[in-house]
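Notes follow once the structure below has been shown.
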Amino acid sequence: GDSVTQMEGPVTLSEEAFLTINCTYTATGYPSLFWYVQYPGEGLQLLLKATKADDKGSNKGFEATYRKETTSFHLEKGSVQVSDSAVYFCALSEFGSSNTGKLIFGQGTTLQVKP
Amino acid sequence: NAGVTQTPKFRILKIGQSMTLQCTQDMNHNYMYWYRQDPGMGLKLIYYSVGAGITDKGEVPNGYNVSRSTTEDFPLRLELAAPSQTSVYFCASSYPKGLVNEQFFGPGTRLTVL
């Protein structure tokens, strides 16, 4: 079945450091890919998305490019802030014949940014 | 818009007790979902619904039941609570547009079964 694998956390960075969180996927069809963020004590919020190969999703300084050849969707940010401390989830959604739009999540990566 | 609301925020149950987790959305979304989040495990889909009167099992449905009598509400029922159901539960809704199905999440219910 479809699956998503993220790099293990926690990731601890100093403010203004460069961030990469790796995400790879396995899917039989052509999924849409997402990054969700969960701030402490809150639900998940969509951070960015990409629906086809070579699409780049971006939001709040974060970027991720849909790479079909490497089945990857790595999250990057050039300069992190303390306020970026959160758990980040990579996810995929396939719209096949069932059209359920179900999301399959990775295990999440905790990011801690220190001043 | 309030978005997706869930009640209660926290609950402690004894083994064998029953309870219903409430979920309501005011965005007129036809798709709704229930997930559980265990530490370090990501989210697992329990049940989902593509419209009023239609529900289906997700990845981990055992021990749970759902109903969808209206577009707005999607309650999750635990009949005989077990310690393995200790988790954080998230409800989500969406309205698929083309290739994109952005799901909107509620704040979650933290459930402990002792």
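The values are calculated or read from the model by the stated rules, or taken from the named source; none is laboratory data. Since this is a predicted model, take the numbers as computed values, not measurements. A quick note on method: Cβ atoms are made from the backbone with ideal geometry, for glycine too, and the neighbour counts reach across all protein chains shown. Ligands, DNA and RNA are stripped out before the accessible areas are found, and what is left, the full protein with its side chains, is counted by its heavy atoms. Shrake-Rupley method; radii C 1.70, N 1.55, O 1.52, S 1.80 Å.
What is the Å³ per residue value for the convex hull set by the Cα atoms of segment B:26-78?
So the per-residue hull volume is 82 Å³.
Specify whether the C-alpha gyration tensor of chain B places it in the rounded, prolate or oblate class, a ≥ b ≥ c being the square roots of the eigenvalues: rounded for a/c under 1.5, otherwise prolate if a/b is larger than b/c and oblate if not. If you can, show how the numbers build up before the last one.
Values: a/c = 1.75, a/b = 1.68, b/c = 1.04.
Judged from the Cα gyration tensor, chain B comes out prolate (a/c at least 1.5, a/b above b/c).
Calculate how many DSSP beta bridges within chain A are antiparallel, expressed in % of all such bridges and rounded to the nearest 5.
Antiparallel: roughly 90 percent of the beta bridges in chain A.
Could you state the accessible area per residue of the protein assembly as shown in Å², with a 1.4 Å probe and every protein chain left in place?
Spelled out: the 1.4 Å probe surface of the protein assembly as shown, per residue, equals 48 Å².
Calculated FRET efficiency, residue A:17 and residue A:70, Cβ-Cβ r, R0 35 Å, to nearest 0.05?
0.90
List the aspartates and glutamates whose alpha-carbon lies under 13 Å from that of residue A:77, not counting same-chain residues fewer than 8 positions away?
In chain and number order, the partners are A:15, A:16, A:63.
Sequence neighbours fewer than 8 away in the same chain don't count; with that in mind, list the aspartates and glutamates whose C-alpha is under 14 Å from residue B:14.
Cα-Cα hits under 14 Å: B:79.
So in segment B:52-114, what percent of DSSP beta bridges are antiparallel if you round to the nearest 5?
Here the antiparallel bridges make up roughly 100 percent for segment B:52-114.
With a 1.4 Å probe, what is the total accessible area buried between chains A and B, in Å² rounded to the nearest 100? Each step should come with its number before you reach the end.
On the way: alone 6260 and 6320 Å², together 10890 Å².
Looking at A and B, the buried total is near 1700 Å².
Leaving out ligands, DNA and RNA, and with a 1.4 Å probe, what % of the accessible surface on chain B is carbon or sulfur?
Accessible surface attributable to carbon and sulfur in chain B totals 54 percent.
Assign one of three labels to chain A, namely rounded, prolate or oblate, based on the Cα gyration tensor with a ≥ b ≥ c the square roots of its eigenvalues; rounded applies when a/c is under 1.5, prolate when it is not and a/b is larger than b/c, and oblate otherwise.
Numbers: a/c = 2.10, a/b = 1.75, b/c = 1.20.
In terms of gyration-tensor shape, prolate.
Which FRET efficiency value, to the nearest 0.05, do you get for residue A:42 and residue B:70 by plugging their Cβ-Cβ distance into 1/(1 + (r/R0)^6) with R0 = 30 Å? Before the final figure, lay out the partial values.
On the way: r = 26 Å, r/R0 = 0.87.
Calculated transfer efficiency: 0.70.
In whole percent, how big is the carbon plus sulfur part of the accessible area of chain A, probe 1.4 Å, protein atoms only? Walk me through the numbers on the way to the answer.
On the way: 2490 of 5400 Å².
It is 46 percent, rounded to a whole number.
Report the FRET efficiency, 1/(1 + (r/R0)^6), for residue B:18 and residue A:8, where r is their Cβ-Cβ distance and R0 is 30 Å, rounded to 0.05.
0.20
Give the percent of DSSP beta bridges with both residues in chain B that are antiparallel, rounded to the nearest 5.
Just about 90 percent of them are antiparallel.
With a sphere of radius 15 Å drawn around the Cβ of residue A:79, what net charge do the other residues whose Cβ falls strictly inside it have (Lys, Arg +1; Asp, Glu -1)? Walk me through the numbers on the way to the answer.
Numbers: positive: A:60, A:77, A:114; negative: A:15, A:16, A:63, A:76, A:84.
Cβ neighbours under 15 Å give a net charge of -2.
Note down the accessible area of residue B:104, probe 1.4 Å, to the nearest 10 Å².
Counting only protein heavy atoms, residue B:104 exposes about 80 Å² to solvent.
Relative to the present Cα-Cα distance, how much length would full extension add between residue B:57 and residue B:110 at 0.36 nm per residue of separation?
So the extension gain works out to 16.9 nm.
Once you have the Cα-Cα distance between residue B:7 and residue B:97, take 0.36 nm times their residue separation minus that, and quote the gain in nm to one decimal. Can you show the working numbers first?
On the way: separation 90, 0.36 × 90 = 32.40 nm, distance 2.83 nm.
Computed gain between residue B:7 and residue B:97 is 29.6 nm.
How much net charge surrounds residue B:55 when only the other residues with a Cβ under 14 Å from the Cβ of residue B:55 are counted, with Lys and Arg +1 and Asp and Glu -1?
Within the 14 Å Cβ shell, the charges total +2.
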